[in-house]
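The values are calculated or read from the model by the stated rules, or taken from the named source; none is laboratory data. Note that this is a predicted model, so its numbers are computed, not measured. Don't worry about glycine lacking a Cβ; one is built from the backbone with ideal geometry, like all the others, and counts go over all protein chains shown.
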């Protein structure tokens, strides 16, 4: 913008009109008109048409510059009040720059402002890199501390991937959604795991208490047997011995019953401990599995059928609750079998990955994409009327044709046919998907690379 304005000033200064001539329509006195006319009569022929065209575009260019400074630049540097105020002041000056002198002054100020913006951008870049480096250190530290907690590895890997790659709002939004879902599921599993561990601790505590009781009973038995032994040694006749023998038998029977009860209780506790340990292991495995995001397709990274079921249940319930439209699109790559046969299955897999990438980068963050099977994908479009959903899929088709699929450095054009329909009150996932599938096959039969409403 600066170079264009500077070139415009230079061309005007060489156009023979003098530096006092106004650049836009304004109040011009008759004497100025006469002097300009007289000067034009004695000077070279009229300025080229390009200069005339430039003078016509100057007001638009000036207004556009003012708008950009006031609404775009100032908003981006709100945390630097001095620079933001300067941007607004430059916008005001741009609207009032009607002469070459005023325009020259504006260009000088713009150059200074651009230099200060460059310094601010450098500071922002350093701050951003410093924060990313700090976050990366924290992630590495957490990764080292939770070696045995595999259920955390999935979340750590997602954040590490974001930090190590160029930042984008879509990648951050996608990671946030995935981590929220995993955190919710792991929270439920973790609660069950804590309950199972508490139950195990309670059983072990009961086992220890029972051992203490058994120890007390056997200690009392030992004392009573010792007392009976003294009575036997001091007995003078058989009658005295009979009483002692009966007491010994009675105490022995009590100890036997206590031992039998303790044995049964210990066996029951052992069985419960084994069951609880098994449950703990199962919950731990479920936590690990949840961290691996098992609801996502391993090849493309989008949701798989299980993930689609959960997403559809959530979005359909939300649409019914809020009385908002929900559209379902089903798309299928055109001539995919031919692509597989001619280029190989690896090329087919790469084509699926390419399509999934284009879908994620083109559709809105709130839209949900899932691989339905083979070369078919389903897209959920919440809060979207049917006409807008069709237009969104058409835009996706156009974007896909712009971004060629490269295989061995050869450009391959990939297209898809799609059907789209709106979710109804009496619909299920099966019925609405079937309707979208039928519309998709209609698109295939009527020429491919098109979107049909079902």
Fill in the blank from the handout: Looking across the range 347-367 at residues that are in a helix (DSSP H, G or I) and in contact (Cβ under 8 Å) with a residue 60 or more places away in the chain, the single one that is farthest from residue 331 (Cα to Cα) is 347
Handout entry: Selected residue [surrounded by 14 or more Cβ atoms within 10 Å (Cβ to Cβ) and either closer than 17 Å to residue 336 by Cβ or within 18 Å of the chain's Cα centre (by Cα) (or both)] from 393, 381, 386
Key = 381
Practice task
Output the number of the condition that residue 229 fails; it satisfies all remaining conditions of (1) in a loop (DSSP other than H, G, I, E, B); (2) modelled with pLDDT of 70 or more; (3) surrounded by 11 or more Cβ atoms within 10 Å (Cβ to Cβ).
Solution key: (1)
Practice task
Assess whether residue 390 counts as being closer than 14 Å to residue 332 by Cα and either out of contact with any helix residue (DSSP H, G or I) (no Cβ under 7 Å at 6 or more places or on another chain) or modelled with pLDDT under 90 (or both).
Solution key: no
Practice task
Residue by residue through the range 324-342, note down the ones that are over 16 Å from residue 415 (Cα atoms) and in contact (Cβ under 8 Å) with a residue 12 or more places away in the chain.
Solution key: 324, 325, 326, 327, 328
Problem - Selected residue (criterion: surrounded by the most Cβ atoms within 10 Å (Cβ to Cβ)) from residues of the range 293-306 that are out of contact with any helix residue (DSSP H, G or I) (no Cβ under 7 Å at 6 or more places or on another chain), touching a residue at least 12 places away in the same chain (Cβ under 8 Å) and farther than 19 Å from residue 361 by Cβ - result: 304
Fill in the blank from the handout: Of the residues in the range 319-333 that are part of a helix (DSSP H, G or I) and out of contact with any strand residue (DSSP E or B) (no Cβ under 7 Å at 6 or more places or on another chain), the one that is nearest to residue 435 (Cα to Cα) is 320
Exercise for the section: Tell me, yes or no, whether the range 120-128 has at least one residue that is surrounded by 11 or more Cβ atoms within 10 Å (Cβ to Cβ) and under 24 Å from residue 66 (Cβ atoms). Expected result: yes
Completion exercise
When residue 252 is run through (1) over 30 Å from residue 201 (Cβ atoms); (2) modelled with pLDDT of 70 or more; (3) touching a helix residue (DSSP H, G or I) at 6+ places or on another chain (Cβ under 7 Å), the failure sits at (3)
Exercise for the section: Using the structure shown, decide if residue 425 is touching a helix residue (DSSP H, G or I) at 6+ places or on another chain (Cβ under 9 Å), within 30 Å of residue 321 (Cα to Cα) and assigned to a loop (DSSP other than H, G, I, E, B). Expected result: yes
Problem - Residue check for residue 442: farther than 17 Å from residue 325 by Cβ, in contact (Cβ under 8 Å) with a residue 12 or more places away in the chain, in the same structural domain as residue 362 (by TED's automatic domain parsing) and over 29 Å from the mean Cα position of the chain (by Cα) - result: yes
